[in-house]
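Working notes, structure below.
The values are calculated or read from the model by the stated rules, or taken from the named source; none is laboratory data. These numbers were taken from a predicted model, which means no experiment stands behind them. Cβ atoms come from the backbone with ideal geometry, glycine included; neighbour counts cover every protein chain shown.
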Amino acid sequence: MSRSAHLSNEFSRIEENQAPFLKRLYIYQKERFPLLGHGLLVLAFSFSAVSYSRICRGVEGFIDGTTFAVGAITTVSLFLLVRIADEFKDAADDARFRPELPVPRGLVSFRELGTLAVGAVVLQVALNALFFPKMLVLYLVVVTYLGLMTKEFFVAAWLKKHQFWYVTSHMFIIPLVDVYASGLDWYLEGAAAPVGLLFFFGVSYLNGIVLEIGRKIRAPEQEAEGVLTYTAMLGGRRAVVLWLGVLLLTLVMSILASYFAGYGKTGFVVLGVLFSLCSWPAVLFLQQRSPKRARLIEAASALWTIAMYLTLGGGPMLTKLLFD
């Protein structure tokens with residue numbers, strides 16, 4: 001069947017599949033890219049990247065609202081493009097092993113997703129060209145890498161056999177979007193990027209891996225054929241130890257980022273408390289590998305990611321804006 005056509009299977013819901021496009025798009029985003037949840041996370045991500053850059057440079061205040069709004073629309077829609085690219089990359093596996101997902105069950109077609117992606121790119125280019133053409137340079141770097149990701153760097157078969165390299169190569173898209181977001185400060189103002197941003201980008205990269213591993217730790221009864229999980233690949237104990245190891249590495253990187261921002265001992269204490277709090281679900285899972293405790297690890301991964309961005313950039317900036 002052509003990718004431009006709607007698919008159908010035993011999970012298809014006729015009343016949904018025949019609904020107007022906007023309604024079907026609403027259902028799709030709710031399942032695959034919840035704008036409220038993802039949007040808030042990416043807004044925190046973008047706000048913190050800009051904030052951290054300005055704090056490291058010792059610049060007072062925040063960038064103007066229009067600049068941030070255009071940048072935020074760009075970053076949110078860039079992550080939407082990542083989601084759509086995954087739909088195309090994973091089409092065969094989704095149809096075979098995850099037929100309940102929106103595309104295999106015919107809720108939206110590949111042609112519609114492709115049109116949505118083109119529309120997002122046009123919007124991104126138009127907004128950046130209109131408000132700050134200079135940012136198109138950083139934007140082009142991000143979309144070029146995203147294009148290579150979509151093509152699996154032209155070594156799809158090899159990457160599929162080497163999960164480590166698959167994950168580590170794909171996660172670079174996150175710090176690249178970070179470069180764009182932070183560039184709304186230093187790049188637009190013609191300043192040198194502060195050294196601390198290297199560690200902030202490292203935190204972003206590792207956060208992506210924390211999220212990736214955390215959402216693929218499952219209880220034995222949750223495992224399913226064809227669905228890649230780290231517990232299935234490594235075993236429950238090794239998967240959790242791997243997640244904790246990456247969490248610890250992220251902590252080290254965040255402490256270095258905190259040092260370059262001049263946060264002092266308070267920042268280190270906050271990071272240590274967050275690490276202890278977010279590590280606890282892993283201990284619970286090792287004691288009893290239940291679905292509930294697996295979900296706690298996924299929730300802890302999300303909490304850790306949001307907390308890192310707010311601790312390193314967003315929180316200190318809000319404090320300065322509200323109380324200084």
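Table: residues versus (1) within 21 Å of LEU41 (Cα to Cα); (2) not basic (Lys, Arg).
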residue	(1), (2)
PHE199	yes, yes
SER204	yes, yes
ASN207	yes, yes
VAL210	yes, yes
GLU223	no, yes
ARG238	no, no
LEU284	no, yes
GLN288	no, yes
If you check LEU248 against the conditions, is it within 23 Å of the chain's Cα centre (by Cα) and part of a helix (DSSP H, G or I)?
-> yes
So, of the residues in region 216-254 that are in contact (Cβ under 8 Å) with a residue 12 or more places away in the chain and among the acidic types (Asp, Glu), which turns out to be farthest from VAL270 (Cα to Cα)?
-> GLU225
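Pick out the one residue from ILE209, ILE217, ILE213 that is under 18 Å from the mean Cα position of the chain (by Cα), closer than 20 Å to ASP90 by Cβ and not in a helix (DSSP H, G or I).
Working: ILE209 fails: not in a helix (DSSP H, G or I); ILE213 fails: not in a helix (DSSP H, G or I).
Sole residue among the options that is under 18 Å from the mean Cα position of the chain (by Cα), closer than 20 Å to ASP90 by Cβ and not in a helix (DSSP H, G or I): ILE217.
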Does ARG32 fit the bill of being surrounded by fewer than 18 Cβ atoms within 10 Å (Cβ to Cβ) and basic (Lys, Arg)?
-> no
Among the numbered criteria (1) of a type in the set (A, V, I, L, M, F, W, C); (2) more than 28 Å from GLN222 (Cα to Cα); (3) surrounded by 14 or more Cβ atoms within 10 Å (Cβ to Cβ); (4) under 24 Å from the mean Cα position of the chain (by Cα), which single criterion is violated by ALA85?
-> (2)
Just to be sure, is ALA181 farther than 15 Å from MET253 by Cα, more than 17 Å from the chain's Cα centre (by Cα) and of a type in the set (A, V, I, L, M)?
-> no
Hey, does region 159-169 have a residue that's of a type in the set (A, V, I, L, M), within 23 Å of THR250 (Cβ to Cβ) and touching a residue at least 60 places away in the same chain (Cβ under 8 Å)?
-> no
LEU148: buried (at least 17 other Cβ atoms within 10 Å of the Cβ), outside the structural domain of ALA307 (by TED's automatic domain parsing) and either touching a residue at least 12 places away in the same chain (Cβ under 8 Å) or in a helix (DSSP H, G or I) (or both), yes or no?
-> no
